[in-house]
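What follows is a short report on a single structure.
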Amino acid sequence: MAGARRLDVAAVQAYATSIIGNVERVIVGKRDVVELTVVALLCEGHILFEDVPGVGKTMLARALAASLGATFKRVQFTPDLLPNDVTGVQVYDPHRTEFVFRPGPVFTNVLLADEVNRATPRTQSALLECMGERQVTTGGETRPLPRPFLVLATQNPVEYEGTYPLPEAQLDRFLLRLSIGYPRFEEEQQISVNLQGHHPIETLGPVIDAALLPTLHEQVTEVYLDPSVRTYAVRLVQATRTHRDVALGASPRGTLALVATAQALAAMAGRDYVLPDDVQRMALPALAHRIIVRPESLLRGQTASGILTSIMAAVDVPLAPRS
């Protein structure tokens with residue numbers, strides 16, 4: 001399959017393996033989450049973490065930035081946060097007798113938007129515009145954001161008092177929705193050992209060059225997708241729109257996210273072609289947050305993840321393409 005294409009999946013695999021191994025020096029026992037974070041990085045997408053406090057979201061973001069040798073900034077979203085606090089503001093400089101632009105925290109490589117649902121919709125929209133357009137326009141001038149630009153946004157799935165839930169159209173802007181979750185007993189023991197003395201994040205250094213990411217992203221888009229596997233991915237998405245328990249199914253952007261992340265997962269495994277297994281593994285993190293379950297179905301205990309699982313069990317899986 002790869003004979004006619006200039007595709008170097010070995011480079012993608014080596015890149016991903018280096019990042020994952022370095023991040024796991026800080027994040028214990030969460031390899032699946034770390035791998036999916038790297039998938040989003042290779043796809044130049046953004047991640048929404050729905051998780052309880054204190055499970056390592058900030059450390060994951062910092063470790064990822066350190067592994068890339070990239071810049072990292074964190075913004076605590078609160079109800080009084082203004083759009084300019086995120087994007088930047090024009091300030092009058094009396095010495096130069098003109099307005100100058102002071103960049104906001106979005107001008108970074110890795111941005112942690114902590115508790116994004118606590119900010120007002122206006123501020124949320126400012127961030128999500130930066131995510132979608134990868135640029136900031138102020139004072140009639142458009143300024144591009146650096147590459148790579150990865151937003152890791154968090155929201156607490158338990159505390160909803162005083163929050164502004166992200167609407168469906170904004171949730172759709174996130175490539176993946178992930179949850180780190182609590183560590184197992186042995187993992188928590190290891191964490192307590194690791195944090196005696198100096199924190200591992202303090203000695204974490206870069207293992208790869210962030211400037212290579214745009215090239216690797218192009219490599220990922222060249223991973224072969226057999227027509228039968230593409231059809232399988234589309235059928236999964238289409239099935240979310242006709243399911244009796246779903247009020248709003250996944251959008252075409254969901255199809256693109258599912259296909260792109262499956263390609264990245266295949267490249268990370270050293271393959272130049274996508275397997276149905278890749279599509280199945282990415283279905284929940286790529287599609288579940290794009291599905292709105294009917295209220296009456298929620299009362300019966302139905303969830304978006306459960307519905308997707310039932311859809312995957314019902315849709316015929318194609319034969320795996322041969323390399």
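The values are calculated or read from the model by the stated rules, or taken from the named source; none is laboratory data. None of the values given here were measured: they were computed from a predicted structure. Note that each Cβ is placed from the backbone with ideal geometry, even for glycine, and that neighbours are counted across all protein chains shown. Side chains included, ligands, DNA and RNA excluded: accessible areas come from the protein's heavy atoms. Shrake-Rupley method; radii C 1.70, N 1.55, O 1.52, S 1.80 Å.
If you take the residues of the stretch 202-220 that are surrounded by fewer than 16 Cβ atoms within 10 Å (Cβ to Cβ) and of a type in the set (Val, Ile, Thr), which of them is modelled with the highest pLDDT?
Taking the candidates together, the pick is Thr215.
Every residue in the stretch 221-232 that is part of a loop (DSSP other than H, G, I, E, B) and open to solvent by 60 Å² or more (accessible area, probe 1.4 Å), please.
Of everything in the stretch 221-232, just one residue is part of a loop (DSSP other than H, G, I, E, B) and open to solvent by 60 Å² or more (accessible area, probe 1.4 Å), namely Glu222.
Go through the stretch 30-60 and give me each residue that's buried (at least 16 other Cβ atoms within 10 Å of the Cβ) and either of a type in the set (Gly, Ala, Ser) or over 18 Å from the mean Cα position of the chain (by Cα) (or both).
Ala40, Gly45, Gly56
Quick check on my filter: what residues within the stretch 144-155 are surrounded by fewer than 16 Cβ atoms within 10 Å (Cβ to Cβ) and either assigned to a loop (DSSP other than H, G, I, E, B) or at pLDDT below 90 (or both)?
Of everything in the stretch 144-155, those that are surrounded by fewer than 16 Cβ atoms within 10 Å (Cβ to Cβ) and either assigned to a loop (DSSP other than H, G, I, E, B) or at pLDDT below 90 (or both) turn out to be Pro146, Arg147.
Looking at (1) surrounded by fewer than 19 Cβ atoms within 10 Å (Cβ to Cβ); (2) assigned to a helix (DSSP H, G or I); (3) touching a strand residue (DSSP E or B) at 6+ places or on another chain (Cβ under 7 Å); (4) hydroxyl-bearing (Ser, Thr, Tyr), which is the one condition that is false for Tyr92?
(2)
Give the residues of the stretch 267-303 that are within 20 Å of the chain's Cα centre (by Cα), open to solvent by 30 Å² or more (accessible area, probe 1.4 Å) and farther than 24 Å from Ala11 by Cβ, sorted by residue number.
Within the stretch 267-303, Gln280, Leu284, Ile292 meet the criteria.
Can you confirm whether the stretch 130-138 contains a residue that is under 27 Å from Ala210 (Cβ atoms), part of a loop (DSSP other than H, G, I, E, B) and touching a residue at least 60 places away in the same chain (Cβ under 8 Å)?
No: zero hits.
Would you tally the residues in the stretch 41-82 being free of Cβ contacts under 8 Å to residues at least 60 places away in the same chain and in a strand (DSSP E or B)?
5
Of all helices (runs of 4 or more DSSP H) completely enclosed by the stretch 244-323, which ones contain at least 1 residues that are touching a strand residue (DSSP E or B) at 6+ places or on another chain (Cβ under 9 Å) and over 19 Å from Gln219 (Cβ atoms)?
So the answer is 276-287, 295-299, 304-314.
Show the residue pairs that are 6+ apart or on different chains and have beta-carbon atoms under 8 Å apart, the first residue being within the stretch 260-283 and at positive phi, the second being among the β-branched types (Val, Ile, Thr) and outside any loop (DSSP other than H, G, I, E, B).
Close Cβ pairs satisfying both conditions: Gly270/Val9.
Keeping to the stretch 11-26, report how many residues are under 17 Å from the mean Cα position of the chain (by Cα) and touching a residue at least 40 places away in the same chain (Cβ under 8 Å).
3
Would you check which residues across the stretch 193-215 are within 16 Å of Asp8 (Cβ to Cβ) and outside any loop (DSSP other than H, G, I, E, B) and list them?
Leu212, Leu213, Pro214, Thr215
Name the residues in the stretch 144-203 that are without any contact (Cβ under 8 Å) to a residue 12 or more places away in the chain and touching a strand residue (DSSP E or B) at 6+ places or on another chain (Cβ under 8 Å), would you?
Listed by number, the list holds a single entry, Pro144.
Applying the selection to the stretch 100-143, what residues are among the β-branched types (Val, Ile, Thr) and either more than 15 Å from the chain's Cα centre (by Cα) or open to solvent by 70 Å² or more (accessible area, probe 1.4 Å) (or both)?
If the condition is that a residue be among the β-branched types (Val, Ile, Thr) and either more than 15 Å from the chain's Cα centre (by Cα) or open to solvent by 70 Å² or more (accessible area, probe 1.4 Å) (or both), then Val100, Val106, Thr108, Thr120, Thr123, Val136, Thr137, Thr138, Thr142 are the ones that fit.
Would you call Arg235 more than 18 Å from Ala264 (Cα to Cα), part of a helix (DSSP H, G or I) and of a type in the set (D, E, K, R)?
For Arg235, the condition - more than 18 Å from Ala264 (Cα to Cα), part of a helix (DSSP H, G or I) and of a type in the set (D, E, K, R) - is met.
Does Gln170 meet the test of being modelled with pLDDT of 90 or more, open to solvent by 20 Å² or more (accessible area, probe 1.4 Å) and in a helix (DSSP H, G or I)?
no
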